[in-house]
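In what follows, a structure is listed as structure tokens, so that the remarks can point back to it.
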Amino acid sequence: MPREATLFDETSGSSSEAYLLLSRDGGNIPPAWIDRASESRKKRENELAKALQDNSLDAVHLLRDWELAYKKECFYYGIRVLMELKRSGKSKL
């Protein structure tokens, strides 16, 4: 059974804090997590674009949802870069 993703909430979205927590515990952020976070955000874009074009009040909720997905994507990306820097001194991301 997969565990619940709480790292973002536990660290208030701070990539550096999450990196330090994961380093202490020996955790990892697989590249697939970044891919899934990106896919999750991209799935929301069509509906958000339509709501924005229609000047719909639904756009506010959709925009906040999209923004949270974007922040999570950047969060995981940041942790991954820090881990790669530690491992090899450079990052391919």
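Since every read-out is calculated from the coordinates, none of them should be taken as a lab result. On a predicted model such as this, the values are computed, not experimentally measured, just so you know. Backbone-built Cβ (ideal geometry, glycine too); neighbour counts: all protein chains shown.
Hey, if you put +1 on the Cβ of every Lys and Arg and -1 on every Asp and Glu Cβ in the chain, which of S23, S91, L48 ends up farthest toward the positive end of that dipole?
The listed residue farthest towards the positive side: S91.
At 0.36 nm per residue, minus the direct Cα-Cα distance, what do E47 and L63 gain on full extension? Give it in nm, one decimal, please.
Separation in residues times 0.36 nm, less the Cα-Cα distance, equals 4.8 nm.
Read through the labelled values (1) 33; (2) 43; (3) 49 and report the label of the one computed as percent of Cα pairs over 20 Å apart from the structure.
(2)
How much net charge surrounds L62 when only the other residues with a Cβ under 14 Å from the Cβ of L62 are counted, with Lys and Arg +1 and Asp and Glu -1?
0
Less than 20 Å apart at the alpha-carbon level, and either on another chain or at least 8 residues along: which aspartates and glutamates does that give for K72?
Straight-distance partners of K72: E4, D9, E10, E17, D35, E39, E45, E47, E84.
Please list 71-83, 52-64 highest first by mean number of surrounding beta-carbon atoms within 10 Å per residue.
Those peptides, ordered most packed to least, come out 71-83, 52-64.
Could you give the dipole magnitude of the range 7-88 about its Cα centre, charging the beta-carbon of Lys and Arg +1 and that of Asp and Glu -1, in debye to the nearest 20?
The calculation lands at about 280 debye.
Using only alpha carbon pairs under 8 Å that are at least six residues apart, calculate the relative contact order of the chain and give it in whole percent.
Computed over the chain, the figure is 36 percent.
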